[in-house]
Amino acid sequence: MRSALIVVDMQNAFVDPAAGLPVEGADRVVAAVNERVVEAADDGRPVFYTRDVAPIDLPVGDPDGQTDLYPGLNARGTLVDKGPGKNGGFSGFVLTSTAEQVAGEAGDGGLSMLAAHLRRANVEHVTVVGLAADVCVSATARDARRLGYHVTMPLEATAFVHAHADGDEAAIAALTAAGVNITGQRIPG
């Protein structure tokens, strides 16, 4: 079964402590994600990085680089724009506003290019890592299941922002109920 790694939203807005929405424990997530990127590259598996085009209201042109991938991230793969998260576009499979959309192609009408990239690479299984476990990573993993992919989410390569109304364990239970294979242990930030 051909596998791919999906790295979700490892960008300055969420990783840099001085940025807009830093996630507690993001530094440890960067290290765990980098390990998985090396493993994927060594195994010849494709790596896809999602980038939220507007996680928060940003100045025109994003002069502070909030949407840039974090410089400490081992980035060797395909970048896929998604979002905007500020409007609820959390899944890596969703992109609702870009100027580059071309009518009739993947990425048009609310879809990012992620599904098209996975299809072209003949992927059947995805491992989803990054930020945050209970928001964008969860949304991406659930959508991958809906699209028929086998999905694994290693807890040590993500962090929670405590967005689920019933807590982090309820978020994990909901992912498991959706068919996502949860592995590993949560590591405190």
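Any read-out appearing in this document is the output of simple, stated calculations on the displayed coordinates, not a laboratory observation. Given the structure is predicted, the values throughout are model-derived calculations rather than measurements. All Cβ positions, glycine included, derive from the backbone under ideal geometry; neighbour counts span all protein chains shown.
Couple of notes before you dig in:
- Size of the chain from its Cα atoms: along the principal axes, largest to smallest, the extents are 39, 38, 35 Å.
- DSSP-defined beta bridges in the chain - what % are antiparallel, rounded to 5: 10 percent
- With R₀ set to 22 Å, the beta-carbon distance separating Ala41 from Met1 gives a calculated FRET efficiency near 0.75.
- The ranking of Ser3, Ser138 by Cβ neighbour count inside 10 Å, starting from the fewest, reads Ser3, Ser138.
- A simple count of charges around Ala121, restricted to other residues whose Cβ falls under 11 Å of its Cβ and scoring Lys, Arg +1 and Asp, Glu -1, yields +3.
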